[in-house]
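A short write-up of the structure that comes next.
The values are calculated or read from the model by the stated rules, or taken from the named source; none is laboratory data. What you see is a predicted model; the values in this text were computed from it and never measured. Every residue, glycine among them, receives a Cβ derived from its backbone with ideal geometry; neighbour counts consider all protein chains shown. What goes into the accessible areas is simple: the full protein's heavy atoms, side chains included, and nothing from ligands, DNA or RNA. Shrake-Rupley method; radii C 1.70, N 1.55, O 1.52, S 1.80 Å.
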Amino acid sequence: MKNVMIASVVASLTATASFAGGIAEPVMTVAPAAPVAVVAPVVMTNDWSGFYAGAQVGFGQLEAELDDVSADEDLTAYGVQGGYLYDLGKFVVGAEAAYTQLDVDGADDNADVLRAGVIAGYDAGRFLPYVTAGYANVDADGVDDDGYYYGAGVDYAVTSKVRVGVEYLEHKFDNFNDSDVDLTAKTTSLKVSYVF
């Protein structure tokens, strides 16, 4: 009986010792992080091709020069424009026609200007900086004469259908009505156009 008792104590001590090192401490497992999607930077692009029409309003000066003597008057300009642009990728080309009425300070009647010319610009996404030039005809007090114009501007595509812009033009009418007077109308206009 003494042997059984000793065997039983030894067995219980052995079992306790084996359990003491046998239970592993809890291990914290972390789930792997979900992959993060890489978003490419958004580049705003715009196709400038298509027909458009709109309106413009601006201000400027009418300068008259005879020999070395010149005089100028302030003016208000407002009118309509329409045209077609073709987007070649980096460059944009097109044609535009416009009618502008010049309300010159101190003049009894307004001057009507008709323009037809070409546009060449750089496609900068939603911005289109451009240069323009072409033929111009002015009718002032029933007297009309032919000339030319040139200038520059920049358009911004608010949406795919609506564009706004600012444009500076110089209209030249040398020897107006076969006289020695050279007329120059300088205008800065705000434009809005709708694309069809």
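Observations, loosely collected:
- Restricting segment 158-182 to residues that are part of a strand (DSSP E or B) and in contact with a Leu (Cβ under 7 Å, 6 or more places away or on another chain), the residue that is surrounded by the most Cβ atoms within 10 Å (Cβ to Cβ) is 173.
- Residue count for segment 75-92 under the criterion of being basic (Lys, Arg) and either in contact with a Pro (Cβ under 6 Å, 6 or more places away or on another chain) or under 17 Å from residue 192 (Cβ atoms) (or both): the result is 0.
- Among the residues making up segment 61-113, those that are over 21 Å from residue 183 (Cα atoms), out of contact with any Lys or Arg (no Cβ under 8 Å at 6 or more places or on another chain) and among the charged types (D, E, K, R) are 87, 90.
- Contacts under 7 angstrom Cβ, first residue in segment 85-100 being farther than 9 Å from residue 48 by Cα, partner open to solvent by less than 80 Å² (accessible area, probe 1.4 Å) and outside any strand (DSSP E or B), 6 or more apart: 89/123; 90/123; 91/123
- When segment 81-124 is filtered for residues that are open to solvent by 50 Å² or more (accessible area, probe 1.4 Å) and of a type in the set (Lys, Arg), only 90 remains.
- Boolean, residue 155 is more than 33 Å from the chain's Cα centre (by Cα), touching a residue at least 24 places away in the same chain (Cβ under 8 Å) and surrounded by 14 or more Cβ atoms within 10 Å (Cβ to Cβ): no
- Enumeration of residues in segment 58-75 that are more than 25 Å from residue 153 (Cβ to Cβ) and either of a type in the set (Ser, Thr, Tyr) or surrounded by 15 or more Cβ atoms within 10 Å (Cβ to Cβ) (or both): 64, 65, 70
- Criterion (among the β-branched types (Val, Ile, Thr) and at pLDDT 65 or above) met by exactly one of 10, 36, 42, 4: 36
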